[in-house]
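Let me begin by presenting the structure, written as structure tokens, before commenting on it.
No lab work stands behind these numbers, since they all come straight from the coordinates. Since this is a predicted model, take the numbers as computed values, not measurements. All Cβ positions, glycine included, derive from the backbone under ideal geometry; neighbour counts span all protein chains shown.
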Amino acid sequence: MSPPNAKPDYATYPSLTSAQARDAAIQLLSMGGEGRDVDNDVLRRIERFYNREARLLDNECHEEWYKLLADDLFYWMPLRENRFRRDKRPEYAPENMALFDECKADIAVRIGRLTSKLAWTEDPPTRHVYVVSNIEAFLTPIEGEFEVHSTFIQYRNRSEHDDATLFGRRRDLLRVNEDAFLIARRMIELPQSVLLTKNLTAFF
Amino acid sequence: MSFIAAELIDSTFGTVDRRIFWDLDIYNLELERVFGRSWLFVAHESQVQEVGSFVTTYMAEDAVIVSRGADGINVFLNSCPHRGNRVCFADSGQGRQFTCNYHGWAFGLDGTLKKMPKMGLYKSTPGFRMEDWGLKCARVESYKGLVFATFCQEAPSLADWLGDFRWYLDAVLDVEEGGTEFLPGGATRSVMKCNWKFPADNFAGDIYHALWTHLGGSEPTLGRHGGVKVDNEGSYQVSVNGHGWEFNDSFLGNAATIGDRELLRYMRSREAAITSRLGKFRARMWGSVASATVFPNFSFLPGYFTFRTFQPKGPLHTEISAWTLVPKGMPDDIKDRLRRGSMRTFSPSGLLEMDDGENWEHSTTANAGWVTRNQRLCYAMAPDAGPAPEGLPGTVTAGQLSDANQRHFYRRWAEMMDADSWDSITLDRTRHNLSDAE
């Protein structure tokens, strides 16, 4: 048993190699909503899963939310750049700077900060509301894995006049886990090239 | 409203009138006298490597295009002289010319006016000369990959502007043959509702805040202060011409808080080579607990290697653009680790940066109160950390926990604000022979 004040050794947490992260990014980029639709039962279960996920995040149940993540999680928010249409460079590339480019261990570190009681800017707490919509789910070549596209609104408010509303689109690979799912891949597309708020302290 | 900037700053004991953080008249004079006269960072040469490649950015509130022409890098206003419209709307790209959307005036890679629809209308206009109507060009000079520009014809050279600060800049810009580059994919950009000087003075000399502000970002994961020692033993502040760098001799103190053992292993493996290149003193600065600002608004952090501009957007708003700088010769895997490491610490989603914005925003907005804005702020910390080491370039004080650099920053700011022209601005004398090896 570890002593009460021991720091978690995040190096032992589930992680990806650079090559694995790169492959995961390429997989996400290839997910264009071209598979066969899932049946209504699966779609309902995915909706239920997303609603629960949003509620956990709204209520700062970070440890519970963390359990929804697969050990091989790749969690990615690439940068947006204003480019001319004639520009041949792909806007998203695994080697580009990003706003999130994470494996499960990195998420654990972020939760470590949020639950440390030392993040002064989260005390008093920030209030969040997530709205998830436009859910489309598709079969993949792997049974029990689903490609899911959705949109979200994340509203946050803290202190008195401090708020931000972020809209975006998510691209997930969900994996069946008992009667629910695990998030194995997530790509978050914010439409802002200049982030019109001071930071991203929460999850998407 | 009139004011004398020197009366708003007491740079001897160290107090600052809060008016400089909210007053619109002061802000407008800053645009003219501070930003309008300074060499401002615009790009890294690696961003515009081929002829025709460009990036767009800002010099304070002036939008500019940085373009690689046949004769080198050009910087010119991103505003058409015809009706004023923005000319280029892409952040980066490649092309042969820049064409205004409004009437189709087209400009070359050096900003000169090349053509427009129905040119005959102008050919028959008395007194109209194509060469009078190009995009307004700035002076452009580089230091070891970093490109600076100014529209001020009277400003001294970039070499004089940076002065002895160059000797320190080499600790991040010249650690090996082959130079440096910015990692690909553009800048992380974000906005804060704060006056630009709060982040700029913070990077110039405020490691003090890290001991408290960043506890949440470091202590849960890496032990208190990221397991890194921050005190006034073996640590310094240096100021040259208002540029400021606070640092210690820990070599990898900042880098350690990224928490990537492979990255640290690699950086340690470089110490001997960097030492033989730069000498022990500067080699120990490469990734140490440190922060720096090149006056007025270009800042960086050794170890995380985030380089950023704090562009003013009115007295109450700042836009941050940040890039990650690496030696070109660094192995790809290590570059990738630094990409992720700088993102996870110092980007809008970074565990350390996310605690800063809140402080700077509320330091700014509190000044809405009339009583509040009339109370001066304290920049007085000046602990006795012993004598400054001798023989180092610039104005050096012992001990990185100090407000010394910030007092120098505001002294420079006040001098530029009160000066009618460059004739009455005095730069520090450059003493160090940069070709001297240690």
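With contacts taken as Cα pairs under 8 Å and at least 6 residues apart, chain B reaches a relative contact order of 22 percent. Of the residues B:ALA70, B:THR56, B:PHE128, the one whose Cα sits farthest toward the positive end of the charge dipole of region B:41-141, with +1 on the Cβ of Lys and Arg and -1 on the Cβ of Asp and Glu, is B:PHE128. For region B:122-189, applying the loop criterion from DSSP together with a ceiling of 15 other beta carbons within 10 Å to the trypsin sites (Lys or Arg not before Pro) yields B:ARG129, B:LYS136, B:LYS144.
Legend: mean number of C-beta atoms from other chains within 10 angstrom of residue C-beta atoms, peptide A:15-22, equals 2. Between B:GLY369, B:GLY253, B:GLY357, the residue with the greatest mean-square fluctuation in the GNM of chain B (Cα pairs under 10 Å linked by springs) is B:GLY369. A simple count of charges around A:ALA24, restricted to other residues whose Cβ falls under 11 Å of its Cβ and scoring Lys, Arg +1 and Asp, Glu -1, yields -1. With the simple model of a label 7 Å out from the Cα in the direction of the Cβ, B:ARG373 to A:LEU139 spans 6.6 nm. Modelled spin-label separation between A:GLU34 and B:ASN85, with each label point placed 7 Å from Cα along the Cα-to-Cβ direction: 3.8 nm.
Quick one: dipole size for chain A, taken about the Cα centre, charges +1 on Lys/Arg Cβ and -1 on Asp/Glu Cβ, in debye to the nearest 20.
It works out to roughly 600 debye.
Across peptide B:173-185, the average count of Cβ atoms from other chains found within 10 Å of a residue's Cβ is 2.
Label point of B:ALA63 set 7 angstrom out along Cα-Cβ; within region B:316-354, amide nitrogens under 19 Å from it belong to B:317-322. Taking amide hydrogens as placed 1.01 Å from N in the peptide plane, the amide H of A:GLY35 sits under 5 Å from that of no residue at least 5 positions away in sequence or on another chain. Simple point charges give the picture: +1 on the Cβ of Lys and Arg, -1 on the Cβ of Asp and Glu, and for region B:41-141 a dipole about the Cα centre of about 600 debye.
For region B:41-141, the relative contact order is 23 percent, taking Cα pairs closer than 8 Å that sit 6 or more residues apart in sequence and dividing their mean separation by the residue count. For the protein assembly as shown, the Cys residues with no second cysteine's beta carbon closer than 4.7 Å are A:CYS61, A:CYS103, B:CYS88, B:CYS137, B:CYS152, B:CYS194, B:CYS378. Take each residue of peptide B:82-93, count the partner chain Cβ atoms within 10 Å of its Cβ, and average: the result is 3.
Between the listed residues A:LEU118, A:LEU99, A:LEU196, the Cα displaced farthest toward the positive end of the dipole of region A:80-204, a dipole computed from Cβ unit charges relative to the Cα centre, is found at A:LEU196. Modelled this way, with points 7 Å down the Cα-to-C-beta line, the labels at B:PHE281 and B:HIS362 are 4.1 nm from one another. Here the protein assembly as shown is assigned +1 on the Cβ of each Lys and Arg and -1 on the Cβ of each Asp and Glu. Its dipole about the Cα centre then comes out at about 1280 debye. Is the C-alpha gyration tensor of the protein assembly as shown telling us rounded, prolate or oblate? Criteria: a/c under 1.5 is rounded; beyond that, a/b larger than b/c is prolate, otherwise oblate. Cα axes put the protein assembly as shown in the oblate bin. With the cut-off at under 11 Å, measuring from each backbone N in region A:117-148 to a point 7 Å along the Cα-to-Cβ line of A:GLU178 picks out no residue. The residue list B:ALA398, B:ALA388, B:TRP413 was ranked by how far each Cα lies along the charge dipole of region B:369-418 toward its positive end, using unit charges on Cβ atoms, and B:TRP413 comes out on top.
Structure note, pairs A:LYS198/B:LYS313; A:LYS88/B:LYS118; A:LYS7/B:LYS335; A:LYS88/B:LYS136; A:LYS7/B:LYS229: Cα-Cα distances above 20 angstrom occur for A:LYS88/B:LYS118; A:LYS7/B:LYS335; A:LYS88/B:LYS136. The value of relative contact order for region A:39-114, using C-alpha pairs under 8 Å at least six residues apart, is 31 percent. Compared with the dominant Cα axis of chain B, that is its longest principal axis, helix B:332-345 is turned about 80°. Coupling constants for region B:261-274 follow from the phi torsions by the Karplus curve (6.51 cos²θ - 1.76 cosθ + 1.60, θ = phi - 60°), and in residue order they are 5, 5, 4, 5, 4, 5, 4, 4, 5, 8, 4, 4, 5, 5 Hz; glycine and proline get x. Amide H contacts under 5 Å for A:LEU79: A:LEU99, restricted to partners 5 or more places along the chain or on a different chain, H placed in the peptide plane at 1.01 Å from N.
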